[in-house]
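What follows is one structure encoded as structure tokens, with my remarks underneath.
The values are calculated or read from the model by the stated rules, or taken from the named source; none is laboratory data. The structure displayed is predicted, hence computed values, not measured ones. Reconstructed Cβ throughout: ideal geometry from the backbone, glycine too, with neighbour counts over all protein chains shown.
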Amino acid sequence: MSKTTATTTITTNSDQVPFFQVRRKLYNIIVRGFLRLTTLVTVGLLIFMIGYILINGLKHLTIPMLTTQSSYIEDTIGIFPNIMNTLYMILISMLIALPLGIGAAVYLNEYATNRRLVTTIEFAAETLTGIPSIVFGLVGMLVFIHLFGLKQGVLAGSLTLVMIILPTIIRTTQESLKSIPDDYRHGSLALGSGKWHMVRTVVLPSAMDGIVTGSILAIGRIVGESAALLFTAGFGLRLNSLFKSLQRSSASLTVALYVYVSERGEMEAGFAIAALLMLITLLLNFAATYFGNKLKKR
Amino acid sequence: MKKLLSLILTAILCLSVMVGATAQEALSGSIATDGSTSMEKVIGILSEQFMIDNPDVAITYNATGSGTGVAAALNGTADIGLASRALKEEEVAQGLKSIVVALDGIAIIVNEKCPVDNLTLQEVADIFTGKITSWKDFGGEGDIACIGREAGSGTRDGFESITKTKDANKLVQELTSTGAVITAVASNASGIGYASSSAVEGQEGIKVLTIDGVECTEENIANGSYLIQRPFNLVVKEGAELPKQVQAFIDFMLSEEAAPLVAKAGAVPPAQPEK
Amino acid sequence: MKMLFFLCGLVSVGFVLCISIYLFVAGIPAFKVIGISDMLFGKVWLPTASTTEPSFGILPFILTSIWGTAGAIMIGVPIGLLTAIYVAKAAPKKVATAIRTSVQLLAGIPSVVYGMIGMVVLVPLIQRTFDLTSGATLMAAIIVLAIMILPSIINVSETALSAVPAEYEEASMALGATKEETWFRVTLPAARSGVATAIVLGIGRAIGEAMAIIMVSGNVANMPGLFKSVRFMTTAIASEMSYAAVGSLHRDALFSIGLVLFLFIMLINLGLKFFIREKKEET
């Protein structure tokens with residue numbers, strides 16, 4: 001390194017400017033420039049995408065579009081069935097995944113004693129996060145539809161989604177449980193409560209923020225998922241009640257977007273769905289940050 | 001005791017509702033149709049009307065391509081297979097029969113900016129097999145981008161058999177549905193593609209070519225002068241006893257009421273037996 | 001009660017086992033019938049050829065996935081890493097928070113929306129810029145993938161960079177280095193393993209993406225070329241699964257592609273685990 005002058009503020013001596021000092025200053029300026037440039041690119045891309053979709057899509061998000069189903073006879077397009085299908089899938093997959101995930105986290109954090117077991121379960125959950133959605137879709141089709149004999153529908157789709165969101169729920173619940181001071185637990189046990197009672201009345205309620213954050217993240221993942229649902233939930237665009245849709249081909253919003261754009265060439269409907277998805281993503285993101293901050297405050 | 005009583009009462013109530021429903025003899029149940037993507041509009045409009053008339057019937061349509069549709073009809077995964085081509089000999093030999101529900105033309109489409117309006121059948125074949133590669137031969141410019149369908153498509157099968165270019169197509173893009181081909185040609189100034197005529201109606205950005213001077217209209221398809229055409233077939237097992245709602249649906253699709261719906265979907269209703 | 005929670009914990013393990021077993025069970029048959037080397041190294045994919053023998057070579061898909069991921073990493077890592085450095089070190093607090101939120105948003109956008117924007121904006125752009133007959137190419141897919149992996153790279157790298165002890169940086173600056181020099185010569189090397197994790201995460205995301213690139217890559221089973229229409233392992237499965245008849249060799253071959261994809265991912269993830277463990281043992 002060049003010779004230095006130790007000063008309280010680290011700057012280069014700008015009175016006498018030998019060659020390498022200039023070169024260093026240039027280096028710093030270029031580096032800063034690059035940093036700003038790349039960040040601008042990242043943020044710029046985001047703004048462009050959000051803007052482009054909203055500008056082209058919001059005008060097609062009309063009330064008829066949102067509240068009716070597509071009709072060949074009337075030659076109209078409506079995405080209400082797809083909104084309902086997405087809601088059905090959120091409901092059913094959360095109903096299954098939340099208890100399973102919270103239970104697993106409680107086990108890992110409160111009850112487990114065998115280190116090997118804990119590592120195995122955590123490794124399994126981590127592995128699940130790395131698997132691509134299309135592989136989940138493939139396995140979902142093989143297991144739930146071919147093996148279990150379900151038909152393409154909301155049930156098979158939701159079960160596949162459970163595999164995808166389980167790690168998220170386990171991880172966020174675990175983090176939240178870890179952040180609860182042991183004093184809470186010791187206090188409750190000292191007052192004579194049993195372990196399960198302690199978990200139920202003291203630990204879990206305090207972990208609520210984390211569980212809610214995890215749920216919002218999971219819902220975000222569900223809303224955005226498409227490859228896993230193609231062959232498990234199907235491409236159907238008709239409106240069904242919750243019960244009927246379990247075993248009937250039901251396209252979620254994302255799959256509907258794919259169908260309308262790629263297979264039917266209906267760009268307007270595509271933009272409308274994209275705008276709706278964008279709005280939902282923004283909303284969920286905002287909610288997750290809000291609850292995440294509440295958790296951090298504690 | 002109270003719980004048991006209320007449970008029994010509920011059970012009886014449920015049973016009575018179920019009995020009441022079956023006592024009505026309305027058509028109910030599900031019909032699974034599988035197959036050609038070109039037939040999407042036709043099946044869509046017919047099943048929509050049928051479901052309005054018979055609210056307890058649920059008809060599902062899976063766009064899997066003609067090849068898979070025929071296989072589904074054979075192995076029972078679908079009640080009705082949909083094929084946008086005639087059945088092959090082996091398929092008939094395996095015990096399938098086909099019922100023509102409509103005739104459909106395969107439109108040859110180019111981008112609206114393309115200077116060409118008409119091609120002969122031979123020129124179309126040569127373009128798709130790569131013998132003619134540039135629009136310059138027709139007064140345009142740029143290389144020709146051939147956009148077609150994937151391997152199992154009935155539309156591709158129909159196109160290739162009529163143009164006699166089986167397995168010899170040089171495609172720049174192989175898309176999985178009629179709609180996708182239309183979108184691709186509309187966004188590519190040097191594109192040429194083939195798509196079901198029922199799907200090209202009213203689409204923007206593309207132009208439908210006349211073949212040997214013949215326009216792709218319903219009339220010309222019906223009287224056979226538009227050469228590139230194929231039947232829309234319903235495929236069922238020969239001699240099988242079809243469930244009530246399936247048979248009723250098939251009868252509906254072949255009836256006179258269905259004809260204007262088929263026309264609205266852009267295809268040509270088959271000639272009615274009683275004239 | 002403990003037993004109940006224990007069972008919940010086992011469910012994840014059960015899922016992983018299930019996935020592995022089923023992919024093997026479904027993916028092996030085609031390899032047996034067609035032959036492993038014919039499939040893995042075969043260059044021609046014509047599963048439904050009727051005038052010639054059908055061929056099931058999946059090399060085009062494997063190579064396309066590899067090249068596509070490599071390309072996405074080459075573009076995404078520099079941009080992502082530099083952005084992470086900016087956010088972790090150079091940006092004023094408020095700006096940093098704003099950028100972090102933007103990155104989270106970027107991560108949350110569904111892949112089909114990426115695909116749609118790619119199809120409508122990127123593909124025609126590439127066609128015009130490079131004077132091609134069609135813009136639906138490997139290049140388009142690489143750009144879309146690069147954008148998609150940015151959030152993963154930025155998030156993990158930023159965490160790793162922020163975790164570097166302040167003493168390292170202070171020592172460096174006390175020796176006369178400027179902030180910028182410190183970041184690149186001290187902080188970044190110190191955060192090596194975190195950055196490596198970020199890159200591997202990006203690789204995993206890129207190689208597994210399907211919906212975003214199915215709309216922009218053209219979907220013809222060619223050997224990969226930057227301006228050619230291509231098919232990835234993921235898009236091969238997604239586009240042909242609906243069309244392959246149940247029980248056919250075609251369908252089994254698609255399952256085999258799924259198996260190969262799964263093995264790739266497992267190898268990448270396990271490779272990372274060993275790499276990290278080695279690094280930890282070194283320090």
Checklist line | Condition met for A:Val139 (at the interface with chain C (Cβ under 7 Å from one of its Cβ atoms), over 17 Å from the mean Cα position of the chain (by Cα) and crowded, with 24+ Cβ neighbours inside 10 Å) | finding: yes
Margin query: The conditions are (1) at pLDDT below 90; (2) more than 10 Å from chain B (Cβ to nearest Cβ), and A:Thr281 fails exactly one of them. Which is it?
Written below: (1)
Item checked: Options A:Thr213, A:Thr168: the member that is in a helix (DSSP H, G or I), out of contact with any Cys (no Cβ under 9 Å at 6 or more places or on another chain) and within 30 Å of A:Leu142 (Cβ to Cβ) -> A:Thr168
Margin query: Can you tell me which residue is surrounded by the fewest Cβ atoms within 10 Å (Cβ to Cβ) among those in the stretch B:162-178 that are within 12 Å of chain A (Cβ to nearest Cβ) and in contact (Cβ under 8 Å) with a residue 60 or more places away in the chain?
Written below: B:Thr176
Next item on the list: Report, by residue number, each residue of the stretch C:144-167 that is assigned to a helix (DSSP H, G or I), over 16 Å from A:Met49 (Cβ atoms) and not β-branched (Val, Ile, Thr).
Entry: C:Ser152, C:Asn155, C:Ser157, C:Glu158, C:Ala160, C:Leu161, C:Ser162, C:Ala166, C:Glu167
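Count, please, the residues in the stretch C:236-253 that happen to be in contact (Cβ under 8 Å) with a residue 40 or more places away in the chain and more than 8 Å from chain B (Cβ to nearest Cβ).
Let us first name the residues in the stretch C:236-253 that are in contact (Cβ under 8 Å) with a residue 40 or more places away in the chain, namely C:236, C:240, C:244, C:249-250, C:252-253.
With more than 8 Å from chain B (Cβ to nearest Cβ) added as a condition, the list becomes C:236, C:249-250, C:252-253.
Residues in the stretch C:236-253 being in contact (Cβ under 8 Å) with a residue 40 or more places away in the chain and more than 8 Å from chain B (Cβ to nearest Cβ): 5 in total.
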Check: Is it the case that some residue within the stretch C:78-101 is β-branched (Val, Ile, Thr), surrounded by 15 or more Cβ atoms within 10 Å (Cβ to Cβ) and touching a Gly at 6+ places or on another chain (Cβ under 9 Å)?
Finding: no
Next item on the list: Would you check if there is a residue in the stretch C:134-145 being under 19 Å from the mean Cα position of the chain (by Cα), surrounded by 22 or more Cβ atoms within 10 Å (Cβ to Cβ), of a type outside the set (Val, Ile, Thr) and facing chain A (nearest Cβ under 10 Å)?
Entry: no
Check: Is it true that some residue in the stretch A:103-116 is without any contact (Cβ under 8 Å) to a residue 12 or more places away in the chain, within 11 Å of chain C (Cβ to nearest Cβ) and either of a type in the set (A, V, I, L, M) or under 30 Å from B:Gly266 (Cα atoms) (or both)?
Finding: yes
Note to self: I need a count of the residues in the stretch B:171-189 that are assigned to a loop (DSSP other than H, G, I, E, B) and more than 14 Å from the chain's Cα centre (by Cα).
What the structure shows: 5
Margin query: Please count how many residues of the stretch C:222-257 are crowded, with 24+ Cβ neighbours inside 10 Å and assigned to a loop (DSSP other than H, G, I, E, B).
Written below: 5
Check: Restricting attention to the stretch C:169-180, does a residue exist that is within 23 Å of C:Ile149 (Cα to Cα), more than 10 Å from chain A (Cβ to nearest Cβ) and either of a type outside the set (Val, Ile, Thr) or surrounded by fewer than 20 Cβ atoms within 10 Å (Cβ to Cβ) (or both)?
Finding: no
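Report, by residue number, each residue of the stretch B:51-87 that is part of a loop (DSSP other than H, G, I, E, B), under 13 Å from the mean Cα position of the chain (by Cα) and over 17 Å from A:Arg248 (Cβ atoms). Even if it seems obvious, please write down each step before you answer.
As a first pass, look at the stretch B:51-87 and keep what is part of a loop (DSSP other than H, G, I, E, B): B:54-56, B:64-65, B:76-79, B:84-87.
From what's left, under 13 Å from the mean Cα position of the chain (by Cα): B:64-65, B:84-86.
Selection gives B:Gly65, B:Ser84, B:Arg85, B:Ala86.
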Notebook entry, point to check: What number goes with the only condition from (1) part of a helix (DSSP H, G or I); (2) touching a Pro at 6+ places or on another chain (Cβ under 9 Å); (3) within 18 Å of B:Thr176 (Cβ to Cβ) that C:Phe262 does not pass?
Noted result: (3)
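Might you check whether a residue that is farther than 30 Å from A:Met267 by Cα and in contact with a helix residue (DSSP H, G or I) (Cβ under 8 Å, 6 or more places away or on another chain) occurs anywhere in the stretch A:38-51? Working first, answer last.
Applying the first criterion (farther than 30 Å from A:Met267 by Cα) to the stretch A:38-51 yields A:38-39.
Next, from what is left, pick out any that are in contact with a helix residue (DSSP H, G or I) (Cβ under 8 Å, 6 or more places away or on another chain): A:38-39.
Checked against the condition, which is being farther than 30 Å from A:Met267 by Cα and in contact with a helix residue (DSSP H, G or I) (Cβ under 8 Å, 6 or more places away or on another chain), the stretch A:38-51 yields at least one hit.
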Notebook entry, point to check: Consider C:Leu263 against the criteria (1) buried (at least 19 other Cβ atoms within 10 Å of the Cβ); (2) at pLDDT 90 or above: it satisfies all of them except one. Which criterion is unmet?
Noted result: (1)
Notebook entry, point to check: Before we move on, is A:Met89 away from chain C (no Cβ under 14 Å) and touching a residue at least 12 places away in the same chain (Cβ under 8 Å)?
Noted result: no
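Output the residue which, of all residues in the stretch B:220-275 that are of a type in the set (A, V, I, L, M, F, W, C) and in a loop (DSSP other than H, G, I, E, B), is modelled with the lowest pLDDT.
First, the residues of the stretch B:220-275 that are of a type in the set (A, V, I, L, M, F, W, C): B:221-222, B:227-228, B:232, B:234-236, B:240, B:242, B:246, B:248-250, B:252-254, B:258-259, B:261-263, B:265, B:267-268, B:271.
Within this subset, residues satisfying the condition of being in a loop (DSSP other than H, G, I, E, B) are B:227-228, B:240, B:242, B:265, B:267, B:271.
Values: B:Leu227: 85, B:Ile228: 86, B:Ala240: 80, B:Leu242: 86, B:Ala265: 85, B:Ala267: 86, B:Ala271: 71.
Looking at the filtered set, the residue picked out is B:Ala271.
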Note to self: Looking at the stretch C:98-129 only, could you name the residues that are facing chain A (nearest Cβ under 10 Å), of a type in the set (Val, Ile, Thr) and part of a helix (DSSP H, G or I)?
What the structure shows: C:Ile99, C:Thr101, C:Val103, C:Val112, C:Val113, C:Ile117, C:Val120, C:Val121
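Of the residues A:Gly153, A:Gly234, A:Gly220, only one is buried (at least 18 other Cβ atoms within 10 Å of the Cβ), within 12 Å of another protein chain (Cβ to nearest Cβ) and in contact with a strand residue (DSSP E or B) (Cβ under 9 Å, 6 or more places away or on another chain); which? Don't jump to the end; show me each part of the working.
Numbers: A:Gly153 fails: in contact with a strand residue (DSSP E or B) (Cβ under 9 Å, 6 or more places away or on another chain); A:Gly220 fails: in contact with a strand residue (DSSP E or B) (Cβ under 9 Å, 6 or more places away or on another chain).
From the options A:Gly153, A:Gly234, A:Gly220, the qualifying one is A:Gly234.
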Check: Any idea which residue in the stretch C:1-50 is farthest from A:Gly101 (Cα to Cα), counting only those that are surrounded by 13 or more Cβ atoms within 10 Å (Cβ to Cβ) and among the aromatic types (Phe, Trp, Tyr)?
Finding: C:Trp45
Check: Can you name the residue in the stretch C:11-39 that is within 20 Å of A:Phe136 (Cβ to Cβ) and more than 7 Å from every other protein chain (Cβ to nearest Cβ) and, of all such residues, is nearest to the chain's Cα centre (by Cα)?
Finding: C:Ser20
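In the set B:Asn111, B:Asn118, B:Asn75, which member is within 13 Å of chain C (Cβ to nearest Cβ), more than 13 Å from B:Phe232 (Cβ to Cβ), surrounded by fewer than 22 Cβ atoms within 10 Å (Cβ to Cβ) and in contact (Cβ under 8 Å) with a residue 60 or more places away in the chain?
On the way: B:Asn118 fails: within 13 Å of chain C (Cβ to nearest Cβ); B:Asn75 fails: in contact (Cβ under 8 Å) with a residue 60 or more places away in the chain.
Answer to the check: B:Asn111.
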